[in-house]
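Everything below concerns the one structure shown next.
The values are calculated or read from the model by the stated rules, or taken from the named source; none is laboratory data. Computed from a prediction, not measured in an experiment: that's the story for all the values here. All Cβ positions, glycine included, derive from the backbone under ideal geometry; neighbour counts span all protein chains shown. Keep in mind that these areas ignore ligands, DNA and RNA; they rest on the heavy atoms of the full protein, side chains included. Shrake-Rupley method; radii C 1.70, N 1.55, O 1.52, S 1.80 Å.
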Amino acid sequence: MHSFGVGPVLERLRTSGGGYEIVHESPGLELGVYVLVAPEPDRQQPHEDDEIYLVLEGTGVLEVEGESVPVEEGTTVFVEAGADHRFTAYEHLAVFVVFARPR
């Protein structure tokens with residue numbers, strides 16, 4: 001078992017101007033918190049793993065392979081491994097990230 005708090009990580013990233021922090025890592029799984037603060041752009045590159053984003057705070061748009069998905073608190077989006085994607089149109093956006101990795 002592994003217990004972790006998302007709130008303290010979210011606050012730490014918010015006050016430092018954004019970023020990504022892993023909150024749990026085990027074989028086959030990585031969980032993290034990703035905070036974006038405008039005007040800093042999202043510089044993500046395609047990932048080798050499938051991932052799920054759950055929006056914790058804010059609004060924006062997730063661009064996935066040229067398709068726009070509006071996101072807000074509570075929105076969950078699956079992004080397939082290798083897909084070109086990034087967040088846009090946000091002032092402040094905080095997401096919980098789940099990477100599914102092959103074991």
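Comparison of Gly60, Gly74, Gly5 shows that the only residue that is touching a residue at least 24 places away in the same chain (Cβ under 8 Å) and more than 23 Å from Pro102 (Cβ to Cβ) is Gly60. Working only within the range 1-37, note down all residues that are within 26 Å of Ala81 (Cα to Cα) and among the aliphatic types (A, V, I, L, M). Scanning the range 1-37 gives Val6, Val9, Leu10, Leu13, Ile22, Val23, Leu29, Leu31, Val33, Val35, Leu36, Val37.
Among the conditions (1) assigned to a loop (DSSP other than H, G, I, E, B); (2) at pLDDT 95 or above, Arg43 misses just one, which is (2).
Of all residues in the range 81-103, exactly one satisfies the criterion of being within 16 Å of Leu31 (Cα to Cα), modelled with pLDDT of 95 or more and surrounded by fewer than 16 Cβ atoms within 10 Å (Cβ to Cβ), namely Ala81. Counting only residues that are in contact (Cβ under 8 Å) with a residue 24 or more places away in the chain and open to solvent by 60 Å² or more (accessible area, probe 1.4 Å), which one in the range 32-44 is farthest from the chain's Cα centre (by Cα)? Going through the qualifying residues, I end up with Pro41.
Of all residues in the range 2-31, those satisfying the criterion of being surrounded by fewer than 13 Cβ atoms within 10 Å (Cβ to Cβ) and at positive phi are Gly17, Gly28.
Across the range 63-94, the number of residues qualifying as assigned to a strand (DSSP E or B), hydroxyl-bearing (Ser, Thr, Tyr) and within 17 Å of Ala38 (Cα to Cα) comes to 1. Of everything listed in (1) of a type in the set (Asp, Glu); (2) out of contact with any strand residue (DSSP E or B) (no Cβ under 8 Å at 6 or more places or on another chain); (3) assigned to a strand (DSSP E or B), the single unmet condition for Glu57 is (2).
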